[in-house]
1. Under 7 Å by Cβ, and 6 or more places apart or on different chains, what pairs join a residue from region B:305-325 that is within 12 Å of residue B:109 (Cβ to Cβ) and at the interface with another protein chain (Cβ under 10 Å from one of its Cβ atoms) with one that is at pLDDT 95 or above and crowded, with 21+ Cβ neighbours inside 10 Å?
2. Could you tell me whether region A:83-91 includes any residue that is more than 9 Å from chain B (Cβ to nearest Cβ), assigned to a loop (DSSP other than H, G, I, E, B) and either near DNA strand C (Cβ under 8 Å from one of its atoms) or without any contact (Cβ under 8 Å) to a residue 40 or more places away in the chain (or both)?
3. Given the options B:107, B:138, name the one that is within 13 Å of chain A (Cβ to nearest Cβ) and touching a residue at least 24 places away in the same chain (Cβ under 8 Å).
4. Give region B:237-251 a look and list any residue that's in contact (Cβ under 8 Å) with a residue 24 or more places away in the chain and surrounded by fewer than 23 Cβ atoms within 10 Å (Cβ to Cβ), or say none.
5. Among the residues of region A:7-28 satisfying the criterion of being more than 9 Å from DNA strand C (Cβ to nearest atom) and farther than 19 Å from residue B:157 by Cα, which is surrounded by the fewest Cβ atoms within 10 Å (Cβ to Cβ)?
6. I'm trying to understand the selection: among the residues of region B:103-142, which are within 13 Å of the chain's Cα centre (by Cα) and farther than 25 Å from residue B:206 by Cα?
7. Cβ-Cβ under 7 Å, sequence separation 6+ or interchain: first residue in region B:39-59 and polar (S, T, N, Q), partner surrounded by 10 or more Cβ atoms within 10 Å (Cβ to Cβ) and part of a helix (DSSP H, G or I). Which pairs?
8. Take the residues of region B:36-55 that are more than 9 Å from DNA strand C (Cβ to nearest atom) and basic (Lys, Arg): which is surrounded by the most Cβ atoms within 10 Å (Cβ to Cβ)?
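The values are calculated or read from the model by the stated rules, or taken from the named source; none is laboratory data. It should be emphasised that the depicted structure is a prediction, and the values quoted were computed from it without experimental measurement. Cβ placement follows ideal geometry from the backbone for every residue including glycine, while neighbour counts extend to all protein chains displayed.
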Protein chains: 2
Amino acid sequence: MTRDPGGTPPGWRSVRKPASIKDVAAAADVSPTTVSHVLSGRRPVAEETAARVRSVVNRLGYVPASLARSLQAGFTSVVGLLIPDISNAFFADLAKGAEDAAHDLGYSLILCNTEFDPEREDRYLGMIRSRFIDGMVYAAGSPPSRQRLEALLGSFPIALADEEVEGLEGALIATADHEAGGRFVGNHLRELGHRRALALTGPRGLKSSTARASGFRQAFRGDVVERIGDFKESSGHRLVAEFLAEQRNLDATAIFAANDLMAFGAIAALREAGLAVPRDVSVVGFDDIRVASLSSPALTTVRQPAYDVGRTATAQLLQYAARGAVPPASRHTLPVELQVRDSTAQPAR
Amino acid sequence: MTRDPGGTPPGWRSVRKPASIKDVAAAADVSPTTVSHVLSGRRPVAEETAARVRSVVNRLGYVPASLARSLQAGFTSVVGLLIPDISNAFFADLAKGAEDAAHDLGYSLILCNTEFDPEREDRYLGMIRSRFIDGMVYAAGSPPSRQRLEALLGSFPIALADEEVEGLEGALIATADHEAGGRFVGNHLRELGHRRALALTGPRGLKSSTARASGFRQAFRGDVVERIGDFKESSGHRLVAEFLAEQRNLDATAIFAANDLMAFGAIAALREAGLAVPRDVSVVGFDDIRVASLSSPALTTVRQPAYDVGRTATAQLLQYAARGAVPPASRHTLPVELQVRDSTAQPAR
DNA sequence: TTGTATGCGTTATCAG
DNA sequence: CTGATAACGCATACAA
C-alpha cells in the first residue's frame, strides 16, 4: 500500500510532521541519548539539563514514536483477539474480558473479526508472523482453522479461548466447562420427566459442542436425536422446521440447543408450527446472553463466563508472550451455571 | 517496559528468532534490495533470481516485519476505535461496522474500550500521538472528553461516530438522525393520545441526547418532565422509581427513555410498583438493540443504524488518514426508523 | 538486471 | 553526568 500515490488533493490539511527525538535534542542542545534518558529515567540526568529538555518536549509536543521503540525493543505490546462475530453478545463479553486483561498488562488489543471467513482469518493470523502483534487469543468458533493453526501453535504465542481445536493438543486454553453444562441440562430435563430430546449441535469438529452433547447424553439417559447446526439463529429455526416436517408427530418433548441464538430460532420455528414453549416443548439454550433473561418466555440456559474466558486466556497468554515465550500446554476450565427460567417445564403428557 | 527482565525461566520455549531480509538475501546470494523487490514486485527481477529467492523465503518461513516496514513508510495501517463499552450491543454493532470498513481498506482495528474511564481514554488517545495508529474513530458516549479531544482534533485524523461533542465543530462526524428519531417518538405518542410524558435523557452535554429530546418535545407538544440519566439500565430503574416516589399519583402516561437499556430499567421499576406496560404506562426506547424485539413486551423503539454509523465513520476517516491528511469538517447523517411494538398503546386515562 | 548507501526514530552499548 | 555509534528490519534513491 503506497501512501498518497497521486499527491494529496489541494486544500487537504496534511498531518504536520511530528517532532522527533533529534529535533528535541537539537533544540535543547543535548544529545538524543540524553533526551531518551530524561524521558525514561533509566539513568540519572542533571536536574538543570532535564528541566531544559522537558521544556522543549512540551513546547514541541514531542511524543516518542512507539513504532521505532517497538522495532528496537523487539516487541509491540499489542495482542490480537480473533473471533468470528463481535455482534454476538457472547464474543462481545469475551472481548471485553480480553481487552481488560490486555489493558491491565499495558497491552493494546487488535480486534480480528473474521465473520467465519477463512481468508480474513488468514490475513489476521499473518499479523503474528509479521510480528506486528506479540500474541493471539484465538476464539474462532469454527473448525476449519486447524491446518492454519497447526503451523503457528508451536512457534508463536497463541492461546485458545472457549474453543479447543480438535487434534491440536499442547496449547494454552481457557474454556468454560462445556461438558458439565451439558450434564446440568441433561439432569434438569430428566428430572422434569423428559425422556426424548432433540439436540441441536454446533458445527462438527468443535470440541465444545461435542463436550456439551456428550455431557448431556450421559446425564439425560433418554433418547437423543441430533441435528448439526452452525450456532446461528437461522440454523436453529431451520433445523427445527425440518425436524417437524420430517415426522408425523413431534415425539421429542425437549430441545437442547447449542447456544441461545439457536434456541431462539428453535422457539420461533415451534411457534410457527403452533407449538407453545414450554407447554408443548421445553427448550434450553447455552451461553446465557443478555436476551435470555429478557425474552419471553425467559430462556432456561447455561451461563457461560464469557468475560472470564476472554480475560483468563489473555492474561495467561501475555504472561508468556510478554517475555517472548511460547506458552506451554495448560488448561483453565471455568465453571458454568444452569439458569432455570421459563422455557422448560414438565412434559405435557 | 522491559522484555524479560529477569531472564527467561528454564524450560520455557522462547520464540525462535525469525529470519530477516538479510538472512534471506544471504541464503539466496542476492542483496536485500532484490529480496525486497521480489516480494513487492516494484521492479523487475530476473525470473531465475526471483525463483531462487522465493524458494529461500519459503524454506526460512520469512515474513517481512511489518513494524520495520511501517517505520520506513510512515504509517501503520492501524486505526483505533474508542468506545465506552463493547458489551453494549449498540457499540458492538458499531464496532463491527468499523472493523468491516477497516478490513476492506487494508487496515487493522485496535479496540479501545474505555469503560467511561478518563485515564483509560487518555492512554488510548496517546496512541495517536505516538503514531502507533493512523487515526481514531471516537465514539465515547460520554461528555468529559472535550478538552482532551480539542488539542487533537485539528492535528490528527479523528472521526466522531454517533456522538458529536458539544463545542467541537469542524470535525468529521457520522451520526444517526437523533432529532428525527425524537420526532418520530413524539408523533407516535401524541397520535396515541398521550399528553404528558416523562423523558429519561442521557448525560448532560451529549448532543445526541439533546437532539432526541428536542425533536421529541417539538413533535409531542404536550407536557414533558425530564430526568437525567446515564444510559445504563440501572439509571432507568432508579429515575423511574424516584419519580414514582416523589409524587402521589403518576400523572405521566408515557416514558421516553434515552436508550433501550434505560427503557428496560424503567419497565422493571414500573413493574415493581405494580404498573403494567403498556396498559398503565407506555414506554419507548432508543437504539433497537436485539433484546428489544425479543423482550416481553416487545419494546417500541427507534432503530439506529449502529453498524452503518461505525462503517461510515471509519471509511470516511480512512479516506483521509490513509493519505496522512486531517479530515475536514463534514457530517454524515444516517436515517433512523421507528419500530412500533408492544410497549406503547393508548393511555388508559 | 542488480547492488550500495542511507534513512525511518528509537534505545543499548560503550566510551569519556 | 553526557555523548557518539551501532543496531532494530525494511524500503528507496542512486549508481552501475
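1. Every condition considered, no pair remains.
2. First, the residues of region A:83-91 that are more than 9 Å from chain B (Cβ to nearest Cβ): A:83-84, A:90.
So of that shortlist, the ones also assigned to a loop (DSSP other than H, G, I, E, B) come out as A:84.
Filter once more, keeping what is either near DNA strand C (Cβ under 8 Å from one of its atoms) or without any contact (Cβ under 8 Å) to a residue 40 or more places away in the chain (or both): none.
There is no residue in region A:83-91 that is more than 9 Å from chain B (Cβ to nearest Cβ), assigned to a loop (DSSP other than H, G, I, E, B) and either near DNA strand C (Cβ under 8 Å from one of its atoms) or without any contact (Cβ under 8 Å) to a residue 40 or more places away in the chain (or both).
3. Details: B:138 fails: within 13 Å of chain A (Cβ to nearest Cβ).
Of B:107, B:138, the one residue that is within 13 Å of chain A (Cβ to nearest Cβ) and touching a residue at least 24 places away in the same chain (Cβ under 8 Å) is B:107.
4. Just the residues of region B:237-251 that are in contact (Cβ under 8 Å) with a residue 24 or more places away in the chain, to begin with: B:237-241, B:243-244, B:250-251.
Within region B:237-251, B:237, B:238, B:241, B:243, B:244, B:250, B:251 qualify.
5. So the first thing to find is which residues in region A:7-28 are more than 9 Å from DNA strand C (Cβ to nearest atom), and the list is A:7-16, A:26-28.
After this cut, where a residue has to be farther than 19 Å from residue B:157 by Cα as well, the list is A:26-28.
Details: A:26: 15, A:27: 18, A:28: 22.
This residue is A:26.
6. Here is the first cut: in region B:103-142, the residues within 13 Å of the chain's Cα centre (by Cα) are B:109-116, B:136-142.
B:109, the sole residue that qualifies.
7. That search, which allows pairs on different chains as well, returns B:49/B:34.
8. The extreme case among them is B:54.
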